[in-house]
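In what follows, a single structure is set out as structure tokens and then discussed.
The values are calculated or read from the model by the stated rules, or taken from the named source; none is laboratory data. Remember, predicted model here, so these are calculated numbers, not experimental data. Heads up, the Cβs are rebuilt from the backbone with ideal geometry, glycines too, and the neighbour counts pull from every protein chain shown. Just the protein is used for accessible areas: all its heavy atoms, side chains included, with ligands, DNA and RNA removed. Shrake-Rupley method; radii C 1.70, N 1.55, O 1.52, S 1.80 Å.
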Amino acid sequence: MKFSELEKNGVGKIAQQATDLPITNLVIDSRKVVLNEGAIFFAITGPRNDGHAYISDLYSLGIRQFVIEKRVDFGKFSEANFLLADSSINALQKIATIHRKEFDIPVIGITGSNGKTIVKEWLYQLLSPDKKIIKNPGSYNSQIGVPLSVWGMEAHDQLGIFEAGISQQGEMMRLEKVICPSVGIFTNIGTAHNEGFENSEQKIAEKLALFQGVENLIYCADHNQINEAVLKAAIPKLSWGKDQIADIIITNTNEGYGVSFGNKSFSLSIPFSDSASKENVMHCVTMMLFLGYNPTTIQARVAGLKPVSMRLELKEGINQCQLVDDTYNNDLVGLQISLDFLSSLQKKKIVILSDILQSGMSEEELASSISSLLVKNQIHEFIGIGSALRSQEKLFSAIPFSSFYRSTEEFLNQFDFGSLHHKLILIKGARVFQFEKIVQRLQRKVHGTIMEIDMGKLVHNLNYFKSRLEPGVKIMAMVKAFAYGSGSEEVANLLQYHRVDYLGVAYADEGIELRKKNIVLPIMVMNPSEEGFEAMLLHKLEPVIYNLKTLHAFLKHLGHRRASIHLELETGLHRLGLEEEGLDEVIKLLKQNADLQVKSVFSHLSASDESKHDRFSREQFDRYQKSYDRISTELNLRPLRHILNSAGILRLPDFQMDMVRLGIGLYGVDPTEKNSSSLEMAATLKTVISQIKKIKPGETIGYARRGAAEKAMTTATIAIGYADGFSRSFSNGKGHVLVNGKNAPVIGNVNMDMTMIDITGIEASEGDEVIIFGNGLPIQEVAASIGTIPYEILTNTSERVKRIFVSDGV
């Protein structure tokens with residue numbers, strides 16, 4: 001496809017054509033550009049970002065093709081092609097639809113409220129031994145993700161498997177044109193995205209639009225609403241279920257299910273015990289029956305199914321390395337997604353990759369493509385494992401360091417792991433290579449308690465707060481206190497990648513560590529000390545001046561060197577801040593010392609989270625504005641103004657001024673009285689059950705015998721204690737945790753490294769996951785149980801608790 005063909009195919013109107021270039025790469029993120037002449041950037045105007053703002057930067061990088069929604073100054077981009085479309089997203093979908101029509105292969109379309117990605121990945125595991133398959137990477141199932149996935153179809157592909165997700169009416173019809181499935185799977189219907197529909201019937205009807213042209217639709221007939229809607233729509237079907245109306249009838253057995261299909265009956269053992277996994281497996285089994293697989297093959301392959309990790313995981317490794325564990329998905333598209341994820345992190349990067357199996361490409365062609373991706377993404381070292389990569393060693397000469405091994409075992413036995421220090425390591429391999437052994441070898445060994453930080457939710461929350469701001473208002477993200485317990489380096493890297501304007505830390509050493517980790521954003525230090533002045537100057541940190549003593553001391557240390565500072569004003573919090581009566585002296589000193597640049601003047605509201613204090617907040621704002629105007633007039637400058645924290649951003653939009661300070665809201669905690677449902681809790685603290693005990697009536701549990709069994713009970717010892725940040729205040733039933741979805745109260749005292757909980761009546765096993773706070777157990781509820789606030793719960797989580805950063809890669 002060439003640029004000139006786009007208008008002929010109804011994609012949009014050509015606004016400027018310099019050269020008729022091919023279309024080879026579809027780009028929607030200005031930070032993830034693969035530079036070649038066939039790249040075309042879609043400038044999408046969204047509620048929080050406008051892609052048109054990045055056209056100039058991309059043009060300077062070499063991009064020469066753009067899809068736009070509004071006219072730009074074409075004279076600045078004389079060598080570029082511009083296509084004007086009503087919607088860049090619609091244009092993206094139309095281009096993918098044109099591409100899809102070039103291929104006459106079976107395509108499985110999958111939708112539903114839950115399980116789409118699992119079913120897609122399991123079908124890939126089950127069918128890939130026989131066919132070369134193209135599928136969505138990760139959970140690329142959106143209005144943007146689906147066309148990007150379908151664009152990856154190539155001549156050697158024999159089967160497509162694409163999932164589609166929607167959130168409102170009219171979306172599925174557009175995705176159906178892009179996917180054009182020949183057979184479908186409707187997983188189930190639930191409450192996700194209910195807000196976009198009047199009722200569940202309307203949502204089911206919208207999802208069924210994906211299957212208007214399929215040869216057969218697979219679904220569970222036990223979901224009555226889905227079954228009735230399918231019959232009403234007269235869609236050809238192959239249903240399964242326990243109800244006799246199903247085409248494939250299943251019955252419970254000791255091992256799993258008995259399956260009856262036509263004149264076939266067989267037993268099916270399922271390697272999962274939870275009902276959701278069983279349902280997902282049966283969707284896959286039904287698809288295999290439809291495709292003509294025999295029961296013996298089906299059972300053998302189902303027995304080998306592995307759990308699917310749907311997100312990239314950033315883990316702590318040995319020797320202060322970080323690991324990106326992406327061992328569940330290994331193809332070229334998935335490799336690009338993983339490399340995109342690496343690009344947001346500032347460390348020397350190593351990629352450990354296995355042979356990519358069944359790519360449909362020759363070994364030389366595949367190795368050349370891999371090498372090109374690694375070079376474009378500035379990979380410092382490459383480790384290839386497998387005979388195919390090893391045979392193409394010469395093609396990786398452009399990478400500074402590379403080594404090759406026949407097998408995972410050879411790598412584990414021969415590689416010098418002591419040579420790895422402060423590196424970022426992507427581990428990505430086909431299942432047969434058992435790369436989980438590499439992850440185990442490289443991962444830092446810690447106990448079973450982890451804090452999981454969902455980077456996608458951090459970005460969601462950041463974008464939500466951006467959407468609450470007036471145009472041009474800057475964001476200072478607070479990463480003090482180990483980024484509210486979440487991990488300063490990783491969070492700061494993410495914020496830098498997403499272009500926040502400033503970072504704020506409490507103490508100089510926090511800022512110094514960020515500088516050592518290649519964080520280049522301006523950093524404000526809230527509590528500078530005299531002994532840290534030189535280090536702050538060396539690392540270009542900007543101290544807050546909150547009293548005359550600090551100002552005099554900093555000037556004395558500074559000599560005649562240049563430096564940037566921030567002035568904190570006292571307006572009513574009575575914590576830190578320059579008093580109004582002392583401003584004359586401050587202004588005098590600043591006039592005498594032109595080497596000091598005042599970057600901002602700010603204050604803190606005492607109670608921005610509660611409406612009953614709004615009058616006092618207004619009084620504080622007026623005091624601040626009066627002092628700011630005085631400083632600005634006397635010094636003849638206009639430093640940045642800021643007074644709002646997370647709560648203030650949500651409640652007091654009139655006080656936004658030039659910049660706001662985003663703190664705990666970034667992590668999904670709404671500190672106001674409203675508890676906004678628009679935020680997503682980004683941190684989950686979880687541990688494991690170490691041991692389960694049966695306690696007889698009259699026996700006691702724990703130190704000081706504080707826990708007592710009035711009747712027979714079952715207890716579990718979990719691997720978390722007050723040394724991990726799980727406060728002793730949770731002792732004796734005040735706190736509770738979540739075990740397999742059920743509340744389990746703390747019994748007895750919280751110990752240093754472990755805690756006992758009452759799991760009487762809860763199905764649980766040793767090694768089961770336990771949620772301390774997170775999904776199903778809001779941190780606000782946890783904090784309220786001991787009379788504290790979410791800030792304290794988050795920041796108390798000890799640094800010995802391993803942080804794992806996850807991302808779906810989208």
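Residue-wise test of (1) of a type in the set (Ser, Thr, Tyr); (2) open to solvent by 30 Å² or more (accessible area, probe 1.4 Å); (3) modelled with pLDDT under 85.
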site: PHE482; (1), (2), (3): no, yes, yes
site: LEU503; (1), (2), (3): no, no, no
site: ALA508; (1), (2), (3): no, no, no
site: ARG515; (1), (2), (3): no, yes, no
site: ILE523; (1), (2), (3): no, no, no
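Can you tell me which residue in region 532-564 is nearest to the chain's Cα centre (by Cα), limited to those that are within 23 Å of ASN518 (Cβ to Cβ) and assigned to a strand (DSSP E or B)?
Within region 532-564, the match that is nearest to the chain's Cα centre (by Cα) is GLU542.
Testing LEU650 on (1) in a helix (DSSP H, G or I); (2) in contact with an Asp or Glu (Cβ under 9 Å, 6 or more places away or on another chain); (3) open to solvent by 40 Å² or more (accessible area, probe 1.4 Å), one condition comes back false. Which one is that?
Of the numbered conditions (1) in a helix (DSSP H, G or I); (2) in contact with an Asp or Glu (Cβ under 9 Å, 6 or more places away or on another chain); (3) open to solvent by 40 Å² or more (accessible area, probe 1.4 Å), the odd one out for LEU650 is (3).
Within region 772-784, work out how many residues are modelled with pLDDT of 95 or more and open to solvent by 20 Å² or more (accessible area, probe 1.4 Å).
Residues that pass the stated criteria total 0.
Condition first: assigned to a strand (DSSP E or B) and farther than 12 Å from LYS13 by Cβ. Now tell me which residues in region 65-80 satisfy that. Outline the logic, then answer.
Here is the first cut: in region 65-80, the residues assigned to a strand (DSSP E or B) are 65-68.
Residues satisfying the conditions are GLN65, PHE66.
Could you tell me whether ILE804 is assigned to a loop (DSSP other than H, G, I, E, B), of a type in the set (Val, Ile, Thr) and crowded, with 16+ Cβ neighbours inside 10 Å?
Details: assigned to a loop (DSSP other than H, G, I, E, B): no; of a type in the set (Val, Ile, Thr): yes; crowded, with 16+ Cβ neighbours inside 10 Å: yes.
No, not satisfied.
Can you tell me how many residues in region 785-810 are touching a Ser or Thr at 6+ places or on another chain (Cβ under 8 Å), farther than 30 Å from SER142 by Cα, among the β-branched types (Val, Ile, Thr) and modelled with pLDDT under 90?
1
Across region 374-395, which residue is most open to solvent (accessible area, probe 1.4 Å) among those that are part of a helix (DSSP H, G or I), in contact (Cβ under 8 Å) with a residue 24 or more places away in the chain and under 22 Å from ARG431 (Cα atoms)? Show your work before the answer.
Looking only at region 374-395, we keep the residues that are part of a helix (DSSP H, G or I), and these are 374-376, 387-391, 393-395.
From what is left, the residues that are in contact (Cβ under 8 Å) with a residue 24 or more places away in the chain are 374-376, 387-389, 391, 395.
When the remaining residues are screened for being under 22 Å from ARG431 (Cα atoms), the result is 374, 387-389, 391.
Details: LEU374: 0, SER387: 87, ALA388: 23, LEU389: 8, SER391: 63 Å².
Checked region 374-395; the qualifying residue most open to solvent (accessible area, probe 1.4 Å) is SER387.
Just to verify a result, which residue in region 412-435, among those that are part of a loop (DSSP other than H, G, I, E, B) and at negative phi, is surrounded by the fewest Cβ atoms within 10 Å (Cβ to Cβ)? First the steps, then the outcome.
At the first step, the residues of region 412-435 found to be part of a loop (DSSP other than H, G, I, E, B) are 415-416, 420-422, 429-430, 434-435.
In the following step, the residues that additionally are at negative phi were identified as 415-416, 420-421, 429-430, 435.
On the way: PHE415: 16, ASP416: 6, LEU420: 17, HIS421: 10, GLY429: 25, ALA430: 20, PHE435: 24.
Out of the qualifying residues, it is ASP416.
Are any residues in region 623-647 buried (at least 18 other Cβ atoms within 10 Å of the Cβ) and more than 29 Å from THR672 (Cβ to Cβ), and if so, which ones?
ILE631
Scan region 150-173 and tell me whether some residue there is at positive phi and either in contact with a helix residue (DSSP H, G or I) (Cβ under 7 Å, 6 or more places away or on another chain) or open to solvent by 30 Å² or more (accessible area, probe 1.4 Å) (or both).
Scanning region 150-173 turns up no residue that is at positive phi and either in contact with a helix residue (DSSP H, G or I) (Cβ under 7 Å, 6 or more places away or on another chain) or open to solvent by 30 Å² or more (accessible area, probe 1.4 Å) (or both).
In this structure, is SER30 surrounded by fewer than 13 Cβ atoms within 10 Å (Cβ to Cβ), outside any helix (DSSP H, G or I) and not charged (D, E, K, R)?
Working: surrounded by fewer than 13 Cβ atoms within 10 Å (Cβ to Cβ): no; outside any helix (DSSP H, G or I): yes; not charged (D, E, K, R): yes.
Considered against the rule, which asks whether it is surrounded by fewer than 13 Cβ atoms within 10 Å (Cβ to Cβ), outside any helix (DSSP H, G or I) and not charged (D, E, K, R), SER30 comes out as no.
Would you point out the residue of region 436-471, among those that are over 15 Å from TYR497 (Cβ atoms), of a type in the set (S, T, N, Q) and in contact with a Lys or Arg (Cβ under 9 Å, 6 or more places away or on another chain), that is least open to solvent (accessible area, probe 1.4 Å)?
This residue is THR449.
Among the residues in region 73-95, are any free of Cβ contacts under 8 Å to residues at least 60 places away in the same chain and touching a Pro at 6+ places or on another chain (Cβ under 6 Å)?
No, there is no match, as no residue in region 73-95 is free of Cβ contacts under 8 Å to residues at least 60 places away in the same chain and touching a Pro at 6+ places or on another chain (Cβ under 6 Å).
Mind checking which residues of region 665-701 are modelled with pLDDT of 90 or more and under 23 Å from GLN620 (Cβ atoms)?
GLY665
For region 332-376, enumerate the residues that are in contact with a His (Cβ under 7 Å, 6 or more places away or on another chain), at pLDDT 85 or above and closer than 22 Å to ARG499 by Cβ.
LYS349
So, in region 396-411, how many residues would count as being part of a helix (DSSP H, G or I) and open to solvent by 50 Å² or more (accessible area, probe 1.4 Å)?
Residues that pass the stated criteria total 1.
Which residues, taken from region 229-252, are part of a strand (DSSP E or B), among the charged types (D, E, K, R) and open to solvent by 100 Å² or more (accessible area, probe 1.4 Å)?
none
Okay, residues lined up against (1) open to solvent by 20 Å² or more (accessible area, probe 1.4 Å); (2) touching a strand residue (DSSP E or B) at 6+ places or on another chain (Cβ under 7 Å); (3) outside any strand (DSSP E or B):
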| residue | (1), (2), (3) |
| --- | --- |
| ASN254 | yes, no, yes |
| ALA276 | yes, no, yes |
| ASN280 | no, no, yes |
| VAL308 | yes, no, yes |
| LYS315 | yes, yes, no |
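Report, by residue number, each residue of region 659-696 that is open to solvent by 40 Å² or more (accessible area, probe 1.4 Å), touching a strand residue (DSSP E or B) at 6+ places or on another chain (Cβ under 8 Å) and under 28 Å from TYR502 (Cβ atoms).
Selection gives GLU680, MET681.
Please specify each residue of region 177-228 satisfying the condition of being among the small types (Gly, Ala, Ser) and either in contact with a Pro (Cβ under 8 Å, 6 or more places away or on another chain) or crowded, with 21+ Cβ neighbours inside 10 Å (or both). Reasoning before the result, please.
Start the filter on region 177-228 by keeping residues that are among the small types (Gly, Ala, Ser), which leaves 182, 184, 190, 192, 196, 200, 205, 209, 213, 221.
Within region 177-228, SER182, GLY184, GLY213, ALA221 qualify.
Can you pull out the residues in region 538-554 that are more than 13 Å from GLN597 (Cβ to Cβ), hydrophobic (A, V, I, L, M, F, W, C) and open to solvent by less than 50 Å² (accessible area, probe 1.4 Å)?
Within region 538-554, the subset more than 13 Å from GLN597 (Cβ to Cβ) is 538-539, 541, 544, 546-553.
Now drop any that are not hydrophobic (A, V, I, L, M, F, W, C), which leaves 538, 541, 544, 548, 551, 553.
Scanning region 538-554 gives LEU541, VAL544, LEU551, ALA553.
Of (1) within 41 Å of the chain's Cα centre (by Cα); (2) open to solvent by less than 10 Å² (accessible area, probe 1.4 Å), LEU583 satisfies all except one. Which?
The one condition LEU583 does not meet is (1).
Would you pick out the residues in region 724-752 that are among the aromatic types (Phe, Trp, Tyr) and either touching a His at 6+ places or on another chain (Cβ under 9 Å) or not in a loop (DSSP other than H, G, I, E, B) (or both)?
Of the residues in region 724-752, the ones among the aromatic types (Phe, Trp, Tyr) are 726, 730.
Selection gives PHE730 alone.
Of the residues in region 748-770, how many are open to solvent by less than 20 Å² (accessible area, probe 1.4 Å) and either touching a Leu at 6+ places or on another chain (Cβ under 6 Å) or more than 15 Å from THR687 (Cβ to Cβ) (or both)?
So the count comes out to 2.
Just to be sure I understand, how many residues within region 81-127 are part of a helix (DSSP H, G or I), within 30 Å of GLN65 (Cα to Cα) and more than 26 Å from the chain's Cα centre (by Cα)?
Going through region 81-127 one residue at a time, the tally reaches 7.
Can you confirm whether region 96-111 contains a residue that is of a type outside the set (Phe, Trp, Tyr), out of contact with any Pro (no Cβ under 7 Å at 6 or more places or on another chain), buried (at least 23 other Cβ atoms within 10 Å of the Cβ) and more than 22 Å from ALA276 (Cβ to Cβ)? It would help to see each step written out before you state the result.
Taking region 96-111 as the starting set, the residues that turn out to be of a type outside the set (Phe, Trp, Tyr) are 96-102, 104-111.
Checking the rest, the ones that are also out of contact with any Pro (no Cβ under 7 Å at 6 or more places or on another chain) come to 97-102, 104-106, 110-111.
Now restrict to residues that are buried (at least 23 other Cβ atoms within 10 Å of the Cβ): 110-111.
From what's left, more than 22 Å from ALA276 (Cβ to Cβ): none.
Looking through region 96-111, none of the residues is of a type outside the set (Phe, Trp, Tyr), out of contact with any Pro (no Cβ under 7 Å at 6 or more places or on another chain), buried (at least 23 other Cβ atoms within 10 Å of the Cβ) and more than 22 Å from ALA276 (Cβ to Cβ).
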